[in-house]
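Have a look at the structure below, then the notes.
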Amino acid sequence: MDSKSLFRIANEAASRSYSPYSKFRVGAALLCEDGSIVTGANVENRSYGLAICAERSAIVAAISQGKRNFKALVVSCPDASYPVSPCGACRQFISEFVKPDFPILFGDATGTLVETTMGELFPHDALHELANRQ
């Protein structure tokens, strides 16, 4: 599946966001190795620390479905005027399940997409470095 199609799916997921406090919708489309797509949306809580980002929402849903192998992640921020990358917590969370060359794309309201990799977003992943020493 091409990146524009995945972006449209992520954008649809953003429409299901629960974001009454920030008014900042985010959607994610996670392409699994088997060709299936799992989506996620940000879900806020009036206690901001209890919110979950769209990226983590999609990964949690995929893992809950028994999916562990992923091909790409696309994130849509339809309320942003520029492409917004995954936050630090999401970068750490995503890195648990993918390799450094894993493609991550993120886009804004205009459909402008930035293409990068997990390794570029999170270059010094100490936890993977520790795991490789065993």
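Observations, loosely collected:
- Rough spin-label spacing in nm, given labels placed 7 Å along Cα→Cβ, for Tyr48 and Glu12: 3.2
- Cα convex hull volume per residue for the chain (Å³): 108
- In the chain, the calculated helix contribution to ellipticity at 222 nm averages -8500 deg cm²/dmol per residue, counting -39,500 (n - 2.57) for every DSSP H run with n ≥ 4.
- Antiparallel bridges, percent of DSSP beta bridges restricted to the stretch 3-132 (to nearest 5): 75
- Highest mean packing first, where packing is the average number of other Cβ atoms within 10 Å per residue, the peptides 2-13, 112-123 line up as 2-13, 112-123.
- Peptides 22-29, 44-51, 89-96 ranked from most to least packed give 22-29, 89-96, 44-51, packing being the mean of other C-beta atoms within 10 angstrom over each peptide's residues.
- Relative contact order (percent, whole number), the chain, Cα cutoff 8 Å, 6+ residue spacing: 20
Each reported figure results from applying straightforward, stated rules to the coordinates on display, with no laboratory input. The shown structure was predicted, so the numbers you read here are calculated from the model rather than taken from an experiment. Neighbour counts run over all protein chains shown; Cβ positions are idealised from the backbone, glycine included.
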